[in-house]
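Since the structure comes first, as structure tokens, the remarks are kept for the end.
The values are calculated or read from the model by the stated rules, or taken from the named source; none is laboratory data. Computed from a predicted model, the values in this text were never measured in an experiment. Methodologically, a virtual Cβ is constructed for each residue, glycine included, from the backbone with ideal geometry; neighbour enumeration extends over all protein chains shown. Quick note on the areas: whole protein, heavy atoms, side chains included, nothing else; ligands and nucleic acids left out. Shrake-Rupley method; radii C 1.70, N 1.55, O 1.52, S 1.80 Å.
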Amino acid sequence: MIPASFDYVEAENADAAIAALTEHGDEAKLMAGGHSLIPLMKFRLTTPQVVVDIGRINDLSYINDGGDHIAIGALTRHMAVETSDVLKAQAPILAHVASHVGDPSVRHRGTLGGSLAHGDPASDLPAAILALNATLVAKGPNGQREISASDFFTGFLETALASDEMLTEIRVPKVPDAGWSYQKFNRRAQDWAIVGVAAVSNGSTNVAMVNMGHTPLRSAAVEAALAGGASAADAAAVAAEGLTPPEDLNGDAEYRSHLARVLVGRALGEAMS
Amino acid sequence: MTAVMGTPMKRKEDPKLLTGEGKFVDDIHVHGELWMGMVRSTMAHAKINAIDTAEAAGMPGVHSVFTGTQLQEMGLWAAPLPCAWPVTEDMLNPPHFPTASEVVHHVGDIVAVVLADSRYRAADAAEMVVVDYEPLPAVASIEDAIAGEKLAHAGLGTNKAFHWPLIPDPDALEAAFANATHVVKGEFVQQRLIPAAMEPRGVLAIPSPAGGDITLYTSTQVPHILKVMLAATTGISESKLRIIAPAVGGGFGAKLNVNPDESLAVTLANKLSRPVRWTETRSEAAFSTHQGRGQKQTMEIAADENGKILGVRAHIDADMGAYMMLITPGVPLLGSFLYTGVYDVPAFGFTCDGYFTNLTPTDAYRGAGRPEASYAIERVMDMLSYEVGVTPEEIRRRNYLAGGGEFENLEVASTLVFDSGNYSPNLDMALDMAKMAELRAEQQRRRDAGDKKQLGIGLCTYVEICGLAPSRALAGLNYGAGGWEAGTVRLLPTGKVEVVSGSTPHGQGHETAWSQIVADKLGIDPADITVLHSDTAISPLGMDTYGSRSLAVGGVAIAMACDKVIDKARLIAAHQLEANPDDLDFEAGRFGVKGSPDKGLLIQEIAFGAFTAHNLPDGMEPNLNEQMIFDPPNFAFPFGTHVAVVEVDEDTGETELIDYIAIDDCGNHVNPLIIEGQVHGGIVQGVAQALYEGAEYDAEGNCKNPSLMDYLVPSPTEVPNIQTGYTYTPSTSNPLGVKGVGEAGTIGSAAAVINAICDALRPHGITDMSMPATPMKVWKAINSADSTANNGGGQ
Amino acid sequence: MQVETTVNGKAMSADVEPRTLLVHYLRDELELTGTNVGCDTSSCGACTVHIDGESVKSCTMLAAQARGAEITTIEGMASADGTLHPMQAAFMECHGLQCGYCTPGMVMAASSLLKENPNPTEQEVREGLEGNLCRCTGYHNIVKSVLTAAGGA
């Protein structure tokens, strides 16, 4: 299991990376920690002609207080997110969810931005980003723009990023007093969620799910039920409504739908108590 | 010197393995080596219309590309790959060559081989070989095979490879069931398992620069058997083949075969006069290394009103996969004799039908036939206990052989003679350590409280058959080899000892355990003992490692070789001390003259004297260099009681194994540390079968979970610490009184875990759960049982 | 491309293709074969090494990404005089290895774990090693080894 040959370009900063993307178009892939990309390349499920290594752009690895939000550089590693005192205080669900990604060795290399930009419907971090209603900052040849988390995941392994754009920063609102919960159901600790549910309760309650559709998603049905005054148990009962969960050896649609109801119930119980 | 046998000596193997100095096949490189890249069939059953190798052949670094047909025409093989266990006279065995020529019979069948100058270039070139297949109907499951509408091998006209019966007294069996108060029937599936030794297999064949000899480094459990079989199937003389198993990263049965890659490496190296190598990738291993289990079992037990067993009847349909590998058809038979477990069964019948499918071949995997047997009998014993209305432990006690007391050489219904056993004390110890009464009280408390996490307690009292030998018994099973093992003990002029082992380790710690045996026998410091093994040039005689046989046959051979050394040394000592041999005591490495404490000779001194040969008794051969080839009079039958404690989350169906108690009896102990490790690892492989693992195939015969991302080998977070304990019932099959322990854990654990789950789910009326008991499966069972109950149940 | 690194304290360099995985750079170019490959999917951890002091799966990293890094492999754990690293010694003491194939990765992952959490509970050890698979030991003695190293180191 060896990647197909490619040209390697090291980007010293975001502008250089964007320039490389502009030059090579669809033939190029950005690589941050490489923990989403390299496995696909080893199986030759993706064979980019050019790999643009952005992993050395140190000025995109930070966790800063941005006033009403915490700004996290896209190249911040999972382990840094997991162990950040600032995040533990201001957006604890994100630090907690980061601790559920893969295993410690994976978390030493994988990055928050890399994971989000990969757009895997089963990965953990999108759940926290969606439930926190974070804002993602993308930079392209014409400058930068902000994308709401709920608009970011557009399809299976697809995001709102244009082919010449790069994710540079993730802004999560400060919610030090919010109730929160992440319920990840899997077989082995290192595995992806069979279903994962994140809830953040801060006045209103946001509920996000992973591996319940072709993208990570906000649970419109549950949130609407809660907004309409439904109890947590009643809201949990509609968790699978309108969704088309994936089917695999770990779960068919019926079981995933059931898990979604159970896990939303548990998440709401924890977040809203 | 104090005794070292029976002590937890630290392993001699460890320093190398802990510092990266252990050399596995892929660590060994030679100049000029060519990497094989295997082009494997992507279809389970298809005709090969054409293979285009032009693009691959023109790629940089590519030496050559051969299709299966070309290799066949090159005359590389004298015979197909071997099956050494034709279980019946009329067993079907379609020819299995290292590469397919006209038709592929499973996904992964090799259709072409690329040779290139690097790992990377071989992978690149193999991708560029284009194969045009014409699909044929694929037998994608044993159900497909039994239905027989599609044929795995069109030329055979049937999928059934053999029918094998073992029914000592058919009339008695019929009568037992006719007269029974209770008849309980269980239908179980032993799902296919991917062995997944952590080291993928690999080969490196090096032709000698002169003389035409070939050395094959291979990740194998069976260098000696492999040598014979490669000689027979390649036509290369045995004398020109040297097989070396360097550090081998686990085997579990998966490395006891004669594989296409091994044959290809040897024959291509021979043909091209270049070193040829290959290392399996993990995702390839689901197709390039045999799998385990793959059986459907029908198990019936007849009992009187008290639950006393009257008869046991078992039938299995066994999935051979696409071809008969080395011992494929024999695996189910290894279990056949144990479907009566540790119980006094008056009447017994067993039948097995072997079927071909278009799936990866099956063969031995940890326990090989015995975990399946243990599972079947221990599951139906639990079912019988419910039926009779007694506890699982009580139904077992009522049926133990010899009334639960100690015995030696007891004949059982399947016609075997168990060497020794004593089951009740072993069960008692397990129940004590598990605190069974407290567990049952907690279970009841949770049931009464309607707790969402229900407790289940599962029991298994297993017996296994190990120490494969005796050769005559294997002959009776039509096995194509003997069961002896060789050991040599040489005292060197320096006073150190060289031990040559016929059995070959791959993690079991032979170097340590054999050193302990020899140290104890000869009174020599274990540090002065070197154990040589796993190289047919150094250890030319051996029958290798499988079936928990190393200690019970090979370790015993070494102990007996030590006895020969001592006998000879005694004569030399007597000669030199001018004493009668019978007047010499041998203690702590010294021959002393009785009554004259000052007069004596160390065995090292005698060794030097035997080497110089200056002063030996008349006619005696120089040197202390003794070989023993041991062929035991009987198998050994380890046993034990395992208790699994599980929590089943009724909301999600998730099972958590929260405690595990194992009381094993493997006779006398050589190294308790090593025994403990074998038990732990074995248990987790059985737990893995019960809860996590299973090769899944689609209707076209594609494996859906070949990688370790999808094939769920448990990680540290899925298993608890394991509580262990031992009873000690010495074997009567060998002078050390030892029994094997490598497979025992696996043989006991799957049934214990599933019995525990069924115990937890009893309030729902659930009586069985198939393996692996995934959360989805368990939740669906609860959901369906509850909705049936809510709808008025058995309408 | 030229990939220069410091491995076990020594400056190393090799000319490799950009696609070369770090594990193959170590094994095939630098001939440090103690780091093993057990899977294709970052699942098993047999290839675990330290990059700048942290455990990393070297099969999921390009050699190019490691340029300039301080790499420690299993060969660099024992002292020059052969004294085993406390984690290696604990594995030997507690019979934390059998076939030894997963062992280098286990030792590297476990020693990284203790750097981040010097006094872990049994559960924390299991979670810390969640990305490392072993087929021989059932993990019991591996966990015991790590706890022993934590207590005695």
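Cα centroid separation, segment B:132-158 to segment B:345-377: 22 Å.
Average projection, convex hull of the Cα set of segment A:7-53: 3.0 square nanometres.
Taking GluC sites (Glu not before Pro) across segment B:492-593, the ones in a DSSP loop with at most 10 further Cβ atoms lying within 10 angstrom of their Cβ are B:E578. Here B:K240 is the anchor, and the lysines within straight C-alpha reach of less than 27 Å, apart from those fewer than 8 places off in the same chain, are B:K23, B:K227, B:K255, B:K271.
In this simple spin-label approximation, A:D248 and B:S784 carry label points 7 Å from Cα along the Cα→Cβ vector, and these lie 2.4 nm apart. Taken about its Cα centre, segment C:2-76 carries a charge dipole of about 120 debye when Lys and Arg each add +1 at the Cβ and Asp and Glu each add -1 at the Cβ.
I'd like to check one number: the per residue accessible area of segment A:195-262, probe 1.4 Å, reported in Å² as a whole number. Could you put the intermediate results ahead of the total?
Numbers: 2540 Å² over 68 residues.
So segment A:195-262 comes to 37 Å² accessible per residue, rounded to a whole number.
Relative to one another, the C-alpha centroids of segment A:251-273 and segment B:623-671 are positioned 40 Å apart. Loop-located GluC sites (Glu not before Pro) across segment A:192-273 with a Cβ neighbour count of 14 or fewer within 10 Å are A:E247, with loop assigned by DSSP. The modelled label-to-label distance for the pair B:K185/A:Q49, using points 7 Å beyond Cα in the direction of Cβ, is 6.6 nm. Placing +1 on the Cβ of every Lys and Arg and -1 on the Cβ of every Asp and Glu, with no other charges, gives segment A:60-173 a dipole of roughly 200 debye about its Cα centre.
Taking the Cβ of B:E411 as the center, what net charge do the other residues with Cβ under 14 Å away carry, scoring Lys and Arg +1 and Asp and Glu -1?
On the way: positive: none; negative: B:D169, B:D344, B:E408, B:D419.
Cβ neighbours under 14 Å give a net charge of -4.
Proximity of backbone amide H atoms, modeled 1.01 Å from N, is registered between A:I70 and A:V172, A:K174 at under 5 Å, excluding neighbours fewer than 5 places apart on the same chain. Going from the chain on its own to the full set of protein chains, segment B:165-199 has these residues losing 50 Å² or more of accessible surface (heavy atoms, 1.4 Å probe, no ligands, DNA or RNA): B:M198. Placing +1 on each Lys and Arg Cβ and -1 on each Asp and Glu Cβ, with no other charges, gives the protein assembly as shown a dipole about its Cα centre of roughly 620 debye.
Computed from phi, the 3J(HN,Hα) profile of segment B:323-330 under the Karplus parametrisation 6.51, -1.76, 1.60 (θ = phi - 60°) reads 9, 7, 8, 3, 10, 3, x, x Hz, with x in place of Gly and Pro. Neighbours of A:I70, meaning other residues whose beta-carbon lies under 9 angstrom from its beta-carbon, give a summed charge of +1 when Lys and Arg score +1 and Asp and Glu score -1.
Report Rg(Cα)/(2.2 N^0.38 Å) for chain C, keeping two decimals. Don't skip to the end; give the middle numbers.
Details: Rg = 15.0 Å, N = 153, 2.2 N^0.38 = 14.9 Å.
Dividing the Cα radius of gyration by 2.2 N^0.38 Å gives 1.01.
Percent of C-alpha pairs per 10 Å bin in the protein assembly as shown, short distances first: 2, 9, 17, 22, 21, 16, 9, 3, 1, 0, 0. Cα convex hull, segment B:279-364: 108 Å³ per residue, rounded to a whole number.
Once the 1.4 Å probe is applied to the protein heavy atoms, segment B:655-740 comes out at 23 Å² accessible per residue. Quick query: amide H of A:T159 versus all other amide H atoms, modeled in the peptide plane; which residues come in under 5 Å with a sequence gap of 5 or more or a different chain? Close amide H contacts, sequence-distant or interchain: A:T154. The B-C contact accounts for roughly 4400 square angstrom of buried accessible surface, both chains included, probe 1.4 angstrom. Each of B:V203, B:V778, B:V342 was scored by the projection of its Cα onto the charge dipole of chain B, and the greatest displacement toward the positive side belongs to B:V203; charges sit on the C-beta of Lys, Arg, Asp and Glu. Eigenvalues of the alpha-carbon gyration tensor of segment A:60-173, scaled by 5 and square-rooted, set the equivalent ellipsoid semi-axes at 20, 16, 13 angstrom, largest first.
Please give the net charge around B:T88, taking every other residue with its beta carbon less than 12 angstrom from that of B:T88, where Lys and Arg add +1 and Asp and Glu add -1. Please report the intermediate quantities before stating the final value.
Numbers: positive: B:K160; negative: B:E89, B:D90, B:D353.
Residues close to B:T88 contribute a combined charge of -2.
Amide H contacts of B:N257 (H built 1.01 Å from N, in plane; Pro and chain starts excluded): B:Q221 sit under 5 Å, all sequence-distant by 5 or more or on other chains. Of B:G75, A:G213, B:Y386, whose Cα points farthest to the positive end of the dipole of the protein assembly as shown (charges on the beta-carbon: +1 Lys, Arg; -1 Asp, Glu; origin at the Cα centre)? The Cα lying farthest towards the positive end belongs to B:G75. Using the alpha-carbon atoms, what tilt in degrees (0 to 90, nearest 10) does helix C:140-152 show relative to the longest principal axis of chain C? The answer is roughly 90 degrees.
Helices from chain B with mean Kyte-Doolittle at least -0.5 and a Cα length along the axis of 18 Å or more, per DSSP H: which? Could the numbers behind the result be given before it?
Numbers: long enough: B:370-388 (26 Å, -0.25); B:436-449 (20 Å, -1.74); B:556-577 (31 Å, 0.85); B:672-691 (28 Å, 0.85); B:744-761 (27 Å, 1.42); B:775-790 (22 Å, -0.44).
Correct list, ordered by number: B:370-388, B:556-577, B:672-691, B:744-761, B:775-790.
Distance between the C-alpha centres of segment C:77-140 and segment B:1-56: 23 Å, rounded to the whole angstrom.
Students often check this: by mean Cβ neighbours within 10 Å, which of B:95-107, B:748-760 ranks highest, and how do the rest follow? Mind dumping the intermediate values first?
Numbers: B:95-107: 21.2, B:748-760: 29.8.
So the order, starting with the most tightly packed, is B:748-760, B:95-107.
Projecting the Cα atoms of A:V52, A:A20, A:V106 onto the charge dipole of segment A:1-107 (Cβ charges, centred on the Cα centre) puts A:V106 farthest toward the positive pole. As a ratio to 2.2 N^0.38 Å, the alpha-carbon radius of gyration computed for chain A takes the value 0.98. Solvent-accessible area assigned to carbon and sulfur over the protein assembly as shown amounts to 49 percent, based on a 1.4 Å probe. For segment B:484-630, a Kirkwood radius taken over Cα pairs fed into Stokes-Einstein (25 °C, viscosity 0.890 mPa s) yields D = 159 µm²/s. Measuring nothing but how far apart in sequence close Cα pairs (under 8 Å, 6+ apart) lie, relative to its length, segment B:484-630 scores a relative contact order of 33 percent.
Computed from the Cα positions only, the extents of segment C:11-94 along the three principal axes stand at 41, 30, 20 Å, in decreasing order.
Suppose all protein chains stay in the model; what accessible area per residue would a 1.4 Å probe give for segment C:86-150, in Å²? Mind dumping the intermediate values first?
Values: 1630 Å² over 65 residues.
I get 25 Å² per residue for this part.
Hey, what angle do you get for helix C:103-116 against the long axis of chain C, alpha-carbon based, 0 to 90 degrees rounded to 10? Compared with the principal axis, the helix lies near 80 degrees.
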